[in-house]
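Since the structure comes first, as structure tokens, the remarks are kept for the end.
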Amino acid sequence: MTDDVDSGTIADAVTSFLADHTDGQRALEAVLAVDSETTTWTFEDIAIDSGTFGELVSRGIVQKVDGEYQIADPEGVQAALDGKSVDTQTPTEDSTRDISLPSIDTRALAGLVVALCVVAGARMTALGSVFQRGYAISPGNDAYYFRYWLGELLAESSGVTDFRVLVDAPAGVSGVRPLSHATNWFLAELLGGSQWAAETVAIWLPIVASVALGAVIYKLAVILTRDVRVGLASVLVLAVTPVHATYSGLGFLDHNIHQYFWLGITLLTLGWLAVDLQQRVGGHDDRREAVLSQLRATPTWAVAVIFGLSVAAGTHAWGGSPLLLLPLAAYIGLRVALDVRTDLSPVLTVLPVLVGVGIGSVLSIGLHLRWGWHSGFVSTTPVLVFGGGVVVATLGELWRRLELDYRGLLVSEGLVAVGGLFVFRWLRPEDWTRALRRADDLFFREGATETVSLFATEYAVILGPLYQFGVGFYLALVMLGWVGLVVTRRYEPGWLLLGTYSGFLLVIAAIQVRFAGQLAIPFSILGGLGVVYVLSAVDLARRPAPLNEETSPTASDESSSIPSLSLPDRHKTVYVVGLGVLIFGISLIFVPGFAAQTDYSAPQASALESIDNHATEFDREYPANFVLSEWGDNRMYNHFVNGESRSYGYAQNNFQNFQSGSDPDEWYSQFDGRVGYVVMTAVDADISTESTQHQLLTNLGAGGDGQQALSHYQLLTVDEDRSAAAFVVVPGATITASGEPGETVNVSTEVSVDDASFSYEREVTVGDSGQIEMVVPYAGEYSVGSESVDVTETDVLNGTVVATGST
């Protein structure tokens, strides 16, 4: 390269040339091949057309020297062709590496901002359903469990530094998902600790966490592929993945958002450590010295510490956290075998990973012992991974020194894993039993939508992933196959990491779709790689660098491996946008429909408002204001009406029998003051006319279809389509009157609620005593035979006896 040639200018020229020419890569490779064989050459020495050659000269990529030609900067052209840039500074062997977000050009930064906005926007499709009638209604059922404990912690807390509430927290906070509850509380306290702060965290934290995860995925994708385009495509794939958009959508406060974020951090830190080592090994003649150079670098240990924090955080974020330590253990075992195959010392190569797991183990156990977080079994599972990792690394070192076949090491590692399980079962039988119960709960629990398989037969097996993931799933699946192939051929610890987690999560999502949200994280990167590959296959983009390489990358610095982002010409842009809309648009179509499964409808919001207003007006306190409903909706109603949304157990155990029964008034005595309101929704169009659902939702308790009008259910609201109706459960006023024994007396009044008007009418036979008694749930003027009587709302709520002729 001549002294007056600027590497940055040449790199920009090459990038622009590649964007403008579909065959640009082939042309540059042809010129590089000739240039590497001779100092100068002529046009006749290369097999490209004159127009393309003229472009190379006019852009300064090729320059004229003594009547012939040469490439102005061969290293710069090759680097740009590979998606790299050249560092003009000679790096020292132990140079410190940058772990901050990569330096990207303005276009890439703008693209990332837009992609993150798409992440947020796709998770706000339920905006109208969340903000209804003055309420901030979280989708789903479980969100109200977290909102309940958030309110309890704020009520007990005296400020953001009052960690006493976490030490003395009840089992509902500390027992299963302590970090999720603690994070929610801490953020709400930062916002002032008010009801507004709690509501803000409940509604907006999922969006913020999703955007943060999007940034993490971008960083990891760029580290693995050294391609900004793949990073942006990965974020967009995550953005429009329906299952992830739903479980991290507006108001969906759950352990998922915390779990997803920390899983992303785990993958990012492990990916950084893997690729950093891969680059050092590829750029150094002495492999041992390359490994040692990583161990001497300060950023290595900073990343290891962050990884350790993610292990501890992930362990305490949710109840099934040990499950996600399995792919970590598998990665360590496979990584050791990969290092042995490459003749690297596994004790040294996985040392930062083991240190991170060790840090996570200490923190996890410390939180259990100090604050009582989680069970002893869950809190100690990182220790099992750490111990197994030490054994496997030591075994791998022995294997390498004895120069044994690495495939035998894989078999030995499997035996170590099985032996470890037997030892654990022998030493900790109670924890073993607890683990089996937890596994049974995770994999074999039924009754919820999320417990079906990702490949459920009701979606013809192959269509389930399309509905849950969109088109990105199939692209990611193809790339997962490529990952398996490339890892068997060359040293790729970063892709081994992504492949291990993707494969494991795919298997457990095939068992229960509840794990699809976790699978979406590594699959978004594989899907993003697939998107860019598809664009390159139709000559709309350069092929991603990883799919071009036949050998391991040799970049010696991560910051030098980030390619610039260029825009294609107008003609190509149209096709790129069109193909992008096809790929991402199909996925985005499913997002609103998928999210709608957990949203609450306008009639349900109307029922909530009517119940809340009634309970406030008549000063009903718990349990007199408890709402009985479908168990999947129960926490929502009770959160806003009485604040008791910790459990839906009563509704789960009783509502179905109540709904399908034939005598709602008989249930009144069984309620025994435990139920104050009932919400009935249309769940079965073919249900019997004798059922409670039909009597309340179809006939509104006014009788008909051979049924008597009900005595203890007063309609509060019903929508025009009869999809939801709310009733207050009342003792009812007892109307008494005189008559001839055996005489049939008609008792009736007119009722008007919302758009529903009907006659409440009962026929009563006078008893032998000459008296009739009838319990009615509505206030109003009743005609009783030839007489009339006024019944007030107070009479209805207090169970007052009202006689005809009384004043």
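Please list the equivalent ellipsoid semi-axes of region 272-395, computed as the square roots of five times the alpha-carbon gyration tensor eigenvalues, in descending order and whole angstrom.
Those come to 29, 15, 10 Å.
Per 0.36 nm of contour for each residue apart, how much would the distance between A171 and N653 grow if the chain were fully extended, relative to their Cα-Cα spacing?
171.3 nm
Hey, what number do you get for the chain at 222 nm if only DSSP H runs of n ≥ 4 count, each worth -39500 (n - 2.57), divided across all residues, to the nearest 500?
That comes out to -18500 deg cm²/dmol.
Amide H of L628 versus every other amide H placed in the peptide plane: which residues, excluding those fewer than 5 positions away on the same chain, fall under 5 Å?
G676, Y677, V678, V679
For region 502-507, in order, what is each residue's ³J(HN,Hα) by Karplus, 6.51 cos²θ - 1.76 cosθ + 1.60 with θ = phi - 60°, in whole Hz (x at glycine and Pro)?
After applying 6.51 cos²θ - 1.76 cosθ + 1.60, I find 5, x, 5, 5, 5, 5 Hz.
What is the log10 of I(q)/I(0) for region 655-807, computed with the Debye formula using one identical point scatterer on each Cα and no solvent, at q = 0.09, 0.13, 0.17 Å⁻¹?
The calculated log intensity ratios at q = 0.09, 0.13, 0.17 Å⁻¹ are -0.28, -0.58, -0.97.
Among 470-477, 287-294, 524-531, how do they line up by average Cβ neighbours within 10 Å per residue, starting with the highest?
Final packing ranking: 524-531, 470-477, 287-294.
Would you work out what percent of the accessible area of the chain, with all protein chains in place, is carbon or sulfur (probe 1.4 Å)?
Carbon plus sulfur share of accessible area: 56 percent.
Provide the gained length on full extension for the span I586 to C117, in nm with one decimal, where the gain is 0.36 nm per separating residue minus the Cα-Cα distance. Intermediate values should be presented prior to the final figure.
On the way: separation 469, 0.36 × 469 = 168.84 nm, distance 1.85 nm.
My answer for the length gained is 167.0 nm.
What angle, in degrees between 0 and 90 and rounded to the nearest 10, separates the Cα long axis of helix 178-190 from the longest principal axis of the Cα atoms of the chain?
90
Can you classify region 174-218 as rounded, prolate or oblate using the Cα gyration tensor, where a ≥ b ≥ c are the square roots of its eigenvalues, rounded means a/c under 1.5, and otherwise it's prolate if a/b beats b/c and oblate if not?
oblate
Amide H neighbours of I137 under 5 Å, at least 5 residues apart or on other chains, H built in the peptide plane: list them.
Residues meeting the amide H criterion: F131, Q132.
What list of ³J(HN,Hα) values in whole Hz, one per residue of region 256-261 in order, does the Karplus curve 6.51 cos²θ - 1.76 cosθ + 1.60 (θ = phi - 60°) give from phi, with Gly and Pro shown as x?
4, 5, 6, 4, 4, 5
Percent of Cα-Cα pairs more than 16 Å apart in region 307-375, please.
52
How high is the relative contact order of the chain, in percent, with contacts defined as C-alpha pairs under 8 Å that are six or more residues apart?
Details: 1376 pairs, mean separation 109.1, N = 807.
In percent, rounded to a whole number, it is 14.
Let's test the formula: R0 of 45 Å, r as the Cβ-Cβ distance of T38 and A330. What FRET efficiency results, to the nearest 0.05?
0.30
If you roll a 1.4 Å probe over the heavy atoms of the protein chains, what accessible area per residue do you get for the chain, in Å²?
42
Report the FRET efficiency, 1/(1 + (r/R0)^6), for S788 and R133, where r is their Cβ-Cβ distance and R0 is 30 Å, rounded to 0.05.
E between S788 and R133, to the nearest 0.05, is 0.20.
Could you work out how far apart the two model spin labels at N613 and E690 are, taking each label as a point 7 Å from the Cα in the direction of the beta carbon, and quote it in nm?
About 3.8 nm separates the two model spin labels.
Over the chain, with a single point scatterer placed on each C-alpha, what log10 of the ratio I(q)/I(0) does the Debye formula yield at q = 0.07, 0.08, 0.11 1/Å?
Values returned for q = 0.07, 0.08, 0.11 Å⁻¹ are -0.65, -0.79, -1.21.
Take the alpha carbon atoms of region 633-675, find their radius of gyration, then divide it by 2.2 N^0.38 Å using N residues; give the quotient. Write out the running numbers ahead of the final one.
Numbers: Rg = 11.3 Å, N = 43, 2.2 N^0.38 = 9.2 Å.
So region 633-675 has a normalised radius of gyration of 1.23.
Taking a 1.4 Å probe, which of D719, D73 shows the most accessible area, and what order do the others take after it? Numbers along the way, then the final one.
On the way: D719 30, D73 5 Å².
So the residues, ranked largest to smallest area, are D719, D73.
Using every alpha carbon pair in region 734-807, what percent of pairs falls into each 5 Å bin from 0 up to the bin containing the largest distance?
3, 17, 27, 25, 16, 8, 2, 1, 0
From the backbone phi of region 370-378, what are the Karplus-calculated ³J(HN,Hα) couplings (6.51 cos²θ - 1.76 cosθ + 1.60, θ = phi - 60°) in whole Hz, Gly and Pro given as x?
My calculation for region 370-378 gives 7, 10, x, 6, 6, 7, x, 5, 5 Hz in order.
May I ask you to compute the full-extension gain from E781 to A47, defined as 0.36 nm times their residue separation minus their alpha-carbon distance, rounded to one decimal in nm? Present the calculation step by step, with values, prior to reporting the outcome.
On the way: separation 734, 0.36 × 734 = 264.24 nm, distance 10.00 nm.
Between E781 and A47, full extension yields an extra 254.2 nm.
The values are calculated or read from the model by the stated rules, or taken from the named source; none is laboratory data. Note that the coordinates shown come from a computational prediction; the quantities given were computed from them, not determined experimentally. FYI the Cβ positions are ideal-geometry reconstructions off the backbone, even for glycines, and counts take in every protein chain you see. The accessibility values were calculated without ligands, DNA or RNA, using every heavy atom of the protein model including side chains. Shrake-Rupley method; radii C 1.70, N 1.55, O 1.52, S 1.80 Å.
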